[in-house]
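Notes follow the structure.
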Amino acid sequence: MKGKAEQYRVIDEMIRTAQFVRNKTLRYWIDNQGVKLIDLYKQCAIMAKEFEWAGKLNSMARQASAERAIFAIQRFFANCKAKTPGKKGYPKFKKNTRSVEYKTSGWLLSADKRCLTFKDSFAAGKFKLVGSRDLHFYAPDEMRANQSGASCRRILRTTLHQCGAKRGTYSDW
């Protein structure tokens, strides 16, 4: 993604917020064993009200961060149940998250599929997409609804991941 240094700083803030949400939901699970995904979703809504800057992140992006925490928990229990030799992978707090996942809302792809605009309260703005991923293959309706949309969202998440991997080196942008 091509953007300005200030836009990349905003993306860093988005990524840090998603990391905070994931770690906070993991802490909630540690303190309250046996909670379900719906409970973590409710915790995300509470966090949005409790922390003003966490409320700036799109609700679906907050929920995706909570899903990542619950998937780590489920993987741990699956490894325990399967009696996997060695370490079982107890869920850990993330320190260096490099991505934030937007699913069906919070972003808008331009008609020519060359620009991506983030629509949440962070106001990161419009980015020019660059790279080898071809979004022209997908119809606009497919990007949000079905399995092809999941592929498109994966591409967008990868793009954000690649952008976030350069954190702290604004002079390179």
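The values are calculated or read from the model by the stated rules, or taken from the named source; none is laboratory data. Just so it is clear, the model here is predicted, and its values are computed rather than measured. Here the Cβ is made from the backbone with ideal geometry for all residues, glycine too, and neighbour counts use every protein chain on show. SASA here: full protein model, heavy atoms, side chains in, ligands and nucleic acids out. Shrake-Rupley method; radii C 1.70, N 1.55, O 1.52, S 1.80 Å.
Under 26 Å from the Cα of Lys126, which lysines turn up, not counting those fewer than eight places away in the same chain?
Lys2, Lys4, Lys56, Lys103, Lys113, Lys166
For Phe76 and Ala139, calculate 0.36 nm times their separation in residues minus their Cα-Cα distance, and state this gained length in nm to one decimal.
Gain on stretching Phe76 to Ala139: 18.9 nm.
With all protein chains present, how much of the accessible area of the range 1-120 (probe radius 1.4 Å) comes from carbon and sulfur, to the nearest whole percent?
Answer for the range 1-120 is 54 percent, counting heavy atoms of protein chains only.
For Lys92 and Lys128, what is the calculated FRET efficiency with R₀ set at 45 Å and r taken between the beta-carbons, to the nearest 0.05?
0.80
Give the calculated FRET efficiency between Thr84 and Glu13 to the nearest 0.05, with a Förster radius of 35 Å applied to their Cβ-Cβ distance.
0.40
Residue-wise, which Karplus ³J(HN,Hα) couplings in Hz belong to the range 75-87, taking 6.51 cos²θ - 1.76 cosθ + 1.60, θ = phi - 60°, and x for glycine or proline?
Running phi through 6.51 cos²θ - 1.76 cosθ + 1.60 with θ = phi - 60° gives 5, 4, 5, 5, 5, 5, 5, 7, 6, 4, x, x, 5 Hz.
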